Structure formats: C-alpha cells, structure tokens
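Below is one structure; the comments refer to it alone.
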Amino acid sequence: MTVVASATGILPLLHGAAELEPGSFGGWRVHRLPAWARAQHDSPLFRAAELAPMAVRLRLTTPARRVRVRLVTSGIAGATGVPSTPVRSSSGSGEHEHAVPLGVAVSAEAPADIRGGVATIEIEHDGSDTPVELHLPHGVGVELVSVSADGPLTAAPDHRPLWVHYGSSISHGAYLASDADAWPIRAARALDWQLHSLAFAGNAQLDGFVARHLRTLPADLVTLKVGINLVNADSMRERAVRPALHSFLDTVREAMPTTPVLMITAVSCPIHEETPGPVVPRAGGFGAAERRVEDDAGALTLRRTREIVEDVVAGRRRTDPALDVIDGRRLLGEDDVATLYDRLHPDRAGSRLMADRAVPLLRAARQRLAVPSPTVDGTGRDGAGAAGDGGDGDGDDGGDGASR
C-alpha cells in the first residue's frame, strides 16, 4: 500500500492549487492563492471563497486497481442546506460521482474551523496508464488527509492548453450543486483545455495580489470577467475603476507580454443595468439598494462598467494586439434573464447556456490573439505565458513555485 500524506507528497498531485497549509484533522487545507496574497485581504467572504478549490483536481497515474482519497469538507453553517456535496472522478474505469458528507464550519468568520468527520472516496481503476483524476468540491473548503493506493502513485502532467480565468460568483458557481455545471468548467471540458480558476465569489475586485499571482501561471489564454462585483459591492466609482483596470493589466503584462488576454464584460442583470449598487437581499433573491445620495455622479452601473472596460481595451490595443474584449451579454443576454434564479446568479440551465456560447468565442479568441514568438520551447508553446514563473524578484511572489 502506497500512502501519500505529506504536503510535499500531495502538492505535486494537485492541479490548480497554490499551496497547502496544516489543517484541523492532520491533513492539508487546499489554497488557490499563496499565503502572501491571502495576507493582503481580511474579508470573511474572501477567505471562504479562496478556500473553496474551484477547478482544483488530483491527477495521478498508478497501476493500482483502487485509489482512496481521505478528505474533510467545510461549508458555512446553514449556507448549503444539504448533507453532502458531489465530487467527480475519472479513471481507466470511467467517470463516477461520489456523495461526500459535508462538514460544517463554525462560522463565516472562521471558515477553516471545521466540525465534521473525515470522508473516504474510493476510485476504481483498471490499472492502465489513463490518469486518475478527482475534482475537489468547488463550493466548500477542503482538507486533504491522504491519498493511497495498492500500488505506486505518480504525478501526472497535463499538456493540454492552460486557460486561466478570473471572475466572480457567476464564474465560481459555488451555489450550483455540481462543479460540472459551472460555466468555465463545462466550457473547458468541451474545449479539452485545462482550467485554472481564479474566480472568487463576491471578490472580482481587480485586487492587485490576484494579478501578481495570476502572472506566475504558464497560461495559454487568460480571461478576465469584470464588472458585476464592482457594482454589487459599490466598491469603486468611475474615478477608481479605470486606473485599477489599467494597473491589473499592467501587472499581468509585466510577466505575460504576449499571452492572449480576453476581457469579458458583465452578463445581463436587470437589477443593476442602470441602477448602482450595492446589492442587498430582497424577497426571493437580491435587489439594488435604495440610495440616498443627492449627487451620485460616478456611481457605477453595469452598463457603465461595460463602456469603461471596452474603452480601456480599445486604448491599449494600439500597442497590445494580444488583448481583446467581448460583451458578456453574448454569453447571457437580455432574453436569458429568466435563468437568474435570484435575480443575480444564473441557474443550472443559465450556466450551461453560458458555457455552450463561450466555447466558440474562447477558441476563436485564443487563435486570433496569438502573437508569434521568436522562440519555441520543447512543449510547442510560444514561451510567453511562462515568462513569470520565476517571480519578479520583489520577495512576494517569487516563492510561489508550488502553484500547479
């Protein structure tokens, strides 16, 4: 029996994670951002979203006939209303879905303080060279305790194109029952790309620490879906959002000068098309707050965020041919708003519709924005996307080499 239970043993098996830290059950909590980045924000919502390993997966090869993964999940008490969370696996024996008991975090303020038990997932395998994959739950925190098999375990590389996506809860999809319905995961599967998700529910706020981590990833395509969270939180006005967007793009471009980058503006959302945020709970979902400010010049609406993003991209394209923008309403438009089950988030049908529409747009964008490179490495990539792998030497992200 081979048992992998150390961070140094488990991390190489993970794709889409930044690092591990000791957990409450003798295992390792999975993080999508490194510690230096997490230290730059103290929001409970941000901590919970970052702990939810959207698009993180174990990937390995083994001659074994059975692989066992012991883990603990942690949702926020009362937030899910369900006793288990579905977890998908694939192997030489096919694809399977496992119902994993949902642990409960004590509170949103302490999302890593878990009260629950260790669950065991058993994955049948035919012993072939086909990689064994386990997609970690996308909407709850995960502590990996061990990975074991009745044979040796080897990390399995993934040579498919790497798509790195930044977005909000609509991209995170934590409210959906299965990660297979989250539009980026569904689209990546249709494209046969690997997805690295930097979608954090409620937190697509153009944070600089996310840009600095993103630029360390060897991406073949980067997509940045921006707009809805800026309005939801009423976190920026016109004076702030334009330079913040430029700064985010500047940071990415310092290490990824020619990597295709596609901006995606907000999908249709009637409550905020012409009405500024913040968003507040209403009967049956959400609505825009009633504002009491007499002179509200500069308050952002979704319509205005689209105009600003498109204007910024148009200006930068004069010197950056690998940058472009598409209107998010091409993924979910005015005729599709009935799928916003709470007036803010697309339901399963809406999210699947977004994925199906995104596939041809993403494929075309990657081809259209590709910039020929003078050097080609042995993998066939143009090398531009990996320019930031060594960090920028400033001491913050240079140690983030554990990212997968």
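Work out the P(r) tail for region 1-93: percent of alpha carbon pairs separated by more than 16 Å, whole number. Of all Cα-Cα distances in region 1-93, 63 percent exceed 16 Å. P(r) for region 105-249, from all Cα pairs and a bin width of 10 Å, is 9, 30, 35, 20, 5, 1 %, short bins first. The calculated FRET efficiency for the pair residue 6 and residue 348, based on their C-beta separation and a Förster distance of 41 Å, comes to about 0.60. Compute the signed sum of charges (Lys and Arg +1, Asp and Glu -1) over the other residues within less than 11 Å, Cβ to Cβ, of residue 361. Local net charge: +2. Between residue 120 and residue 239, the modelled label-to-label distance comes to 6.1 nm, taking each label 7 Å out from Cα in the direction of the beta carbon. Assuming charge only on the beta carbon of Lys and Arg (+1) and of Asp and Glu (-1), the dipole of region 128-241 about its Cα centre is about 540 debye to the nearest 20. With the simple model of a label 7 Å out from the Cα in the direction of the Cβ, residue 150 to residue 97 spans 2.8 nm.
Per residue, the solvent-accessible area of region 1-92 (1.4 Å probe, heavy atoms of protein chains only, all protein chains present) comes to 37 Å². Counted residue by residue at 0.36 nm each, then reduced by the alpha carbon distance between them, the extension gain from residue 39 to residue 190 reaches 50.8 nm.
The values are calculated or read from the model by the stated rules, or taken from the named source; none is laboratory data. Please read these numbers as outputs of a predicted model, since none were measured by experiment. Because the Cβ atoms are built from the backbone with ideal geometry, glycine has one as well, and the counts that use them run over all protein chains shown. Note: accessible area is taken over every heavy atom of the protein model, side chains too, but ligands, DNA and RNA are not part of it. Shrake-Rupley method; radii C 1.70, N 1.55, O 1.52, S 1.80 Å.
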